[in-house]
Each structure stands twice: as C-alpha cells, then as structure tokens.
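Written below as structure tokens is the structure these notes are about.
The values are calculated or read from the model by the stated rules, or taken from the named source; none is laboratory data. Predicted, not measured: the structure shown is a model, and the values here were computed from it. Cβ atoms come from the backbone with ideal geometry, glycine included; neighbour counts cover every protein chain shown.
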Number of protein chains: 2
Amino acid sequence: MFNIAVAQSGGPTAAINSSLSGVFSGASSCRDIDGIYGAINGIEGAINGNFIDLTKILTSEYDIDLLKKTPSTILGSCRYKLKDYREDSSDYEKISANFRDHDIKAFFYIGGNDSMDTVMKLDAYFKETGIDIKVIGVPKTIDNDVMNTDHTPGFGSAAKYVAATMQEIIRDSRVYSIPSVTIVEIMGRDAGWLTASSCVLRANGEPAPHLIYLPEAPFSTDKFLEDIKEAQTRYKAVIAAVSEGISCENRQTGFSSELTDAFGHKFLSGVGKYLENVTAANIGCKVRSIELNVMQRCSSHIASLTDINEAAQIGSAAVEAAMNGESGKMMVFRRISNNPYRVEILSSDIKSIANKEKKFPTEWISKDENNVTTDALNYFLPLIQGEVHPEYRNGIPVHFRLDQ
Amino acid sequence: MFNIAVAQSGGPTAAINSSLSGVFSGASSCRDIDGIYGAINGIEGAINGNFIDLTKILTSEYDIDLLKKTPSTILGSCRYKLKDYREDSSDYEKISANFRDHDIKAFFYIGGNDSMDTVMKLDAYFKETGIDIKVIGVPKTIDNDVMNTDHTPGFGSAAKYVAATMQEIIRDSRVYSIPSVTIVEIMGRDAGWLTASSCVLRANGEPAPHLIYLPEAPFSTDKFLEDIKEAQTRYKAVIAAVSEGISCENRQTGFSSELTDAFGHKFLSGVGKYLENVTAANIGCKVRSIELNVMQRCSSHIASLTDINEAAQIGSAAVEAAMNGESGKMMVFRRISNNPYRVEILSSDIKSIANKEKKFPTEWISKDENNVTTDALNYFLPLIQGEVHPEYRNGIPVHFRLDQ
C-alpha cells in the first residue's frame, strides 16, 4: 500500500474539479492505493508540504458529484515555474522529501501547457535521481491549446457558455430599430479556439456572430472596419467575436485610451474596447463591446456534460496509467469519429507537449480571414453536448467549498 | 368583438417576452377579443402602423412556452418619448388612426419608468379626445426602480444571474495564494437594487461580496480604499459589488460621457475599471474588474421561475383590468408575506408612477454605507427562487425567433 498526490495548476475552468474527482475515484478503486493527498496551490503545496487528505473531505457520492459541478479549483492553483534541477535542485529536494514523508508514489498534475513543464521536469528529476515516483499530467484549459490531445477538459464547458451567452447577446442586440455593432471579446491569448467555437450557433440556423477574428489570422483595423461595413449591408445588428489575442497593430500600446485618472495613470483596456472606440469613431453607429471575462472559464451552471464527464474519465485514466508503470506522460483524447462522437483516452510523451501550443488550424479559417469553416463547426459541436444540472439551494447553485 | 395591441419598450430583460405571452394568453381566453396585434419597436410601431398578428405567430402551447423562455423582446423595443399632445399631437393622431384601422380597443405597454410616460400621455390623450381605447402599463426592468410595485418582472431573473455569476467569480478569485481584489460592476443607473441583490449569497453561508456600493449612499474613493484595506485583513480575495451608478467624485473626468439618450440620461461606463486602476495604484495587489454588461439583463438560461411566471401573470392581469374598464393604470405586485412568499396583483394610477424612480431604501443600507441589511436579503430571496429549464438543441438553448 502507498499514497498518491494530486494538484491543480494554471487558470480556473469549470472542469478541473471534475478531473480531481476522476483522480480520486480512480485511486479509490485501486487496491494498492491508500491515502489520496491534495497539494494546496499546485506544486507550491508539494514544495511546502501543504497537503490535505482528500479521503477525509470527499466522504460520499454526494460530495464527489458536487465537486464535479463546482468550478475553479478547490485545492487552489499556482503559476509557479520549477527551475532547471541541474541549476537549482532545492525545490525538487523539498518535493522529494515531502513525498517520501507522505509515502507518495505517484503525482498527478492537472493543468495546461505551462503546468506540463512541471510534469516534465519533475519526472526527469525523479528518473535521474532514481526515485520511483510516477508523474502524470492531466490536461485542462479553456484555451484548448495543448498539444497531442484532440481537445482539453474545460474547453467544452467554456464553449457552451460562450455559445449560450453569445446567443443571448444576439437577442439583446436586435431590440432597437437603429443599426448597431456588438464586439464580443473572448479569451485565448495565443490560440483562437474558444473564439472560433462561437460558430456553433450556426447548427441552429443562427448566422451570428457574423465575423470571427482569431490570433492565427492577420488582423488589421482597416480590414476590420471594411468587414463591419460590408456586414452592415446584410444585418442591422452586426456581431463580431474577437479573440483577446488578435495581433492588432496598436496592441503594443496596450490599447490605452487618452483618459487618465486623478493620479495621471492611463487607462488600459482590452482589444474589444479598443475596437469599440475605433468603430464608433469611424462608422458612427451604436457600438458596444462586451468582455466575457472570467465568467467564460468558471460558469459551471451551464457546463457541458460531455466535458464534465470526460474530465473525470481522463483523471481516472491517469491513475490507471501510473499504476501500469507509466510516468512523464500526459493523458490525451484521440477522436475516433464526430458523428457519432467517440473518443479514446491514451497517454502521450510529456516532452512533445510541455511549453508548446496547439494553434487553431489555419485551414479552418475562411479565405477572408474573418470567419471559420464547417470543419470547425463539426469539430466543436460534440464538445458542448449535454447539460449538467446544478443542485440549487435558496435559488443559487450549490458549490463544494473547502474555505471561506 | 374587437382587437388589442401590445408592445415592448425600454431595455431588454429575460422576462419581457413572458409578459407578452401573458397578455397573449389573457387576451386569447377573453371572448370579446379577436385579433392580438404586436406593435414592432414599441410605440414606434403604433405610430407607423407596423403591427404583426400574434395569433398567426403563436400557434401552439409550445410556441408560448418557448416565448416565455426567450430573452429580450421578440417585437423589438424603442426609447421613443411622446411629445406633450397639447404641443404636438401628430404622433397621437397617427396612433389613433392606426388603432382605428385595426379596430384596437386596448393597448398594453410593457416597459419601465420611461415607458409609463407613454402610457400616461396616451391615456390622457384618449380621454381628452373621447376615444374609447384602454391603455394599461405592464412593468418590466432589471433595475427594479418602478414606483408602487413591490418589484418588477425581469428583476428576479437578473438577480438570479448576478447571484450565480457572482458565486462563480468568487470561486475563480480564490485560486491563487496571493491577495487579490475583484470589483464587479453591476447595472443600475440610479437605483442600486440589482447590485444590492448580490447579498443573497449569504443565505447559503457565503460572506462575499464583502462590500456593496449603491447609488443611494455617498461614495468616496478614499473611503472605498479604506474599506478594501480593512476587508483584506479578513479575506485573502476581497470581492466588491459596485453599482454602475455610484456617485464617484471622478466620474466627470471620463467615466460618464457627455452623450445623453432621448430622456436626457447620461451614458455611463467604466466605474469598475476606474476603481480597478485606483486600487492597483494605491494598494498594489492583484486587482480585476468585471462588468456584467448586457448578460445580466438577457441571461434567460438561468432565469428565475418565480420571475418568469409572475411576468406572465401580470401580463394576463393587465388584460383583465382593461376588460374591467380600467385605463391609465400600471399593474403592480403587492407583497403579502416573505415566508411563505405571497403576492397579489393590483392596478395603480399611472400618474404616480411615470417618470419617477423607486430608490433602494436607505434603511436597508448598513451604517458603514458599504453593505446591506438582513431586511434586504429577506426581500430579495423569494424573487430568485425556482429554475426555468431551457430546451436545448445541439447543446444550445432554443430561443423563439421572429427575425434573423
């Protein structure tokens, strides 16, 4: 009998806790595993010896079900980057000592590209120093930009939120008789997957968003204004989905407005606000920009059931892989078919994943570079299927909570 | 047999279409009423003779149920202000002619404070000129600032969205080990009802939002910074709910533009962003501001069942009132008890409602002027109860749609 540890890293999603539940359930059903520890605030908890015993916290099926429906990370997160152990091994020694003290023989790290760097380095250190601790990565990110996997847990729920919200914004934008432009800024610093996913509304015959701009395509403000004017010949209320990461020529200036506060600080704003101002100044109609902000990564109340279930499955599969002796791997989805939607879970070498980014395919971007193709729609659609019904208490969804 | 007309005015909510369904159902069950016309874009449609025959559009119980779950206004809206008919009666003459041509004997206007100005003026004109057309107002606004009614349809759904989203933001804000401040900007130009409603999370033991700022209390940036610092001694991740309409001393320098709408309202933007900048400059921790934007008024996917049902009931009650000979009235809710929650629907003289605003009670604001009392919690809680389950197609909520 031995113990395992699990931690969560990077930005929140609606599915990270579901992956945690999957690791927990997978470990619970494994007769060789005794204690299941959660490291608080990702690898920082492993370095500082800050663990909690999850078997004392998740004591019923109800707890596990509630955990799956709770957004963000109950164990906390971090953005801590391990140094190269050949230059400074102090963190590694602390982790090793803490794992030894807790008899931890396998470590599961739920995170994105950057977190997989931690998996890669830790595995390399353990192998180099002859310590038999398995290290397995479990992918998560709403950005969907992790290599070697068809998609990442967390993305489907974010895409479902974006689709439902975009549709409500479309209804809202059409109420007045005057022409209008609505610019919706969507997360994705370097990859446009989430912005592109707003095309799913087409499956229900909704032509909006009429324009979609991704970091993977060149962007110019002049072309944007031309596109808006052209769309206005066809639609009274034009909707544009814009990735926060588009390569706008003014990006270097931080989209700072000319406004300053009482302290003389310039106001910085996102690309949506910048394009709102440019459109208002050049086209002169009613213009609004909307930033979906953190809501798009934590809206568990409209999570994708497919996503939440897959997140748990890939967490359990990670435990199975470690028990089979694998280490230095990240679990991945391979899509077998779109319709019916079928995936299998495999493991993939962490060295081909860590610190890399999977971009949105340029062949799925329309010729005009302001929309996406039907191939993209067919890719996205299965990922947002099914609803997770929250439990409500006093009219408010119930979350699993460790802290105040 | 005669016909009636109904129109929708002002800003969208998740419940306006439910009130439309209530007027439709009420009229459908009335043997004296034949045609049920919808005027497109509010009173503009009545002026221009732009009507659609709702009996041809709402042809099944399914249609009516879907309409109740669809946000915004299927008939479109307007912000058109009628002139005093003693100065310029041209609009009134057009409306009268169009109503006569369509044999319309009663007109129902779903809207807020400003829209009730239209109800008042139109009723006065009809009475003055001896035209027997009943005019009844049906309240709606997420601002909840309409006189003489306990609350307004649309508010409960907006409050439920704010509560669910605020809770998800709270989860999101707590992931890192470093201290942080999150400022959530909530709609309400002159009344703080919706911002105050975020206190409902307390019913489930959630202490956040830790600070609540309303237009009804004095506001100073210095006091705000003091409050944040004090809250940071107790909470790692401080959450402040801030009304867009707080009287911030720096508002003139660019947080309100000089633009005004037809009613003379200033366009507001950016109080949250302003406070984010000030907090970052003065406290120096991680700060984020989040604007809930139009999502808070159109998020039908998490509407309050109480709200949606009441919106339909008050629409039907308006038809009943007109059939009983009433005119120049707005329908109102009178709360009989909080627990069990019971309301009755009455009518109230439009002259005591139009162009007035019901402020959040100052006695429900805490002594420190940065929070609300338990009386406020008890008032809000019944309004967010119950869930409306959307129909999903391809993983996306289905909306009733007239146009593209």
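So here's what we get for this one:
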item	result
Cross-chain or 6+ apart pairs with Cβ under 9 Å, segment B:72-87 first and more than 25 Å from B:HIS399 (Cβ to Cβ), then surrounded by fewer than 20 Cβ atoms within 10 Å (Cβ to Cβ) and of a type in the set (Phe, Trp, Tyr)	B:LYS81/B:PHE263
Of all residues in segment B:120-160 being of a type in the set (A, V, I, L, M, F, W, C) and in a loop (DSSP other than H, G, I, E, B), the one that is farthest from B:SER198 (Cα to Cα)	B:ILE131
Those residues of segment B:301-358 which are touching a residue at least 40 places away in the same chain (Cβ under 8 Å), in contact with a Phe, Trp or Tyr (Cβ under 9 Å, 6 or more places away or on another chain) and among the β-branched types (Val, Ile, Thr), in sequence order	B:ILE302, B:THR306, B:ILE314, B:VAL319, B:VAL343
Whichever residue in segment A:161-193 is of a type in the set (S, T, N, Q) and in a strand (DSSP E or B) and, among such residues, is farthest from B:PRO390 (Cα to Cα)	A:SER180
Segments classed as strands (runs of 3 or more DSSP E), wholly inside segment B:1-115, with at least 1 members that are away from every other protein chain (no Cβ under 13 Å) and among the hydroxyl-bearing types (Ser, Thr, Tyr)	B:33-39, B:104-111
Any hit, segment B:339-362, residues being buried (at least 23 other Cβ atoms within 10 Å of the Cβ), closer than 21 Å to B:SER25 by Cα and under 21 Å from the mean Cα position of the chain (by Cα)	no
Residues of segment A:336-377 classified as within 13 Å of A:ASN148 (Cβ to Cβ) and either assigned to a helix (DSSP H, G or I) or in contact with a His (Cβ under 8 Å, 6 or more places away or on another chain) (or both), total	3
Count - residues of segment B:235-254 that are at pLDDT 70 or above, under 27 Å from the mean Cα position of the chain (by Cα) and surrounded by fewer than 17 Cβ atoms within 10 Å (Cβ to Cβ)	1
Identity of the residue in segment B:378-404, part of a helix (DSSP H, G or I) and facing chain A (nearest Cβ under 10 Å), that ends up surrounded by the most Cβ atoms within 10 Å (Cβ to Cβ)	B:ILE384
Residues of segment A:209-225 that turn out to be of a type in the set (Ser, Thr, Tyr) and more than 19 Å from A:ILE169 (Cβ to Cβ), as a count	2
Of all residues making up segment A:312-337, the number that are closer than 19 Å to A:ARG31 by Cβ and in contact with a Gly (Cβ under 8 Å, 6 or more places away or on another chain)	6
Residue in segment A:215-227 that is modelled with pLDDT under 85, of a type in the set (D, E, K, R), surrounded by fewer than 15 Cβ atoms within 10 Å (Cβ to Cβ) and not in a loop (DSSP other than H, G, I, E, B) present	no
Considering residues of segment B:88-132 that are of a type in the set (Val, Ile, Thr) and without any contact (Cβ under 8 Å) to a residue 60 or more places away in the chain only, the residue surrounded by the fewest Cβ atoms within 10 Å (Cβ to Cβ)	B:THR129
Residue that is farthest from the other protein chains (Cβ to nearest Cβ), among those in segment B:363-377 that are aliphatic (A, V, I, L, M) and crowded, with 22+ Cβ neighbours inside 10 Å	B:VAL372
Residue list for segment B:279-302, restricted to those being of a type outside the set (Ser, Thr, Tyr), at negative phi, under 14 Å from the mean Cα position of the chain (by Cα) and at the interface with chain A (Cβ under 8 Å from one of its Cβ atoms)	B:VAL294, B:MET295, B:ARG297, B:CYS298
Any chance A:PHE51 is surrounded by fewer than 16 Cβ atoms within 10 Å (Cβ to Cβ), aromatic (Phe, Trp, Tyr) and modelled with pLDDT of 95 or more	no
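Residues checked against (1) under 30 Å from B:ILE16 (Cα atoms); (2) more than 14 Å from chain B (Cβ to nearest Cβ):
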site: A:TYR125; (1), (2): no, yes
site: A:THR141; (1), (2): no, no
site: A:GLY154; (1), (2): no, no
site: A:PRO179; (1), (2): yes, no
site: A:MET187; (1), (2): no, no
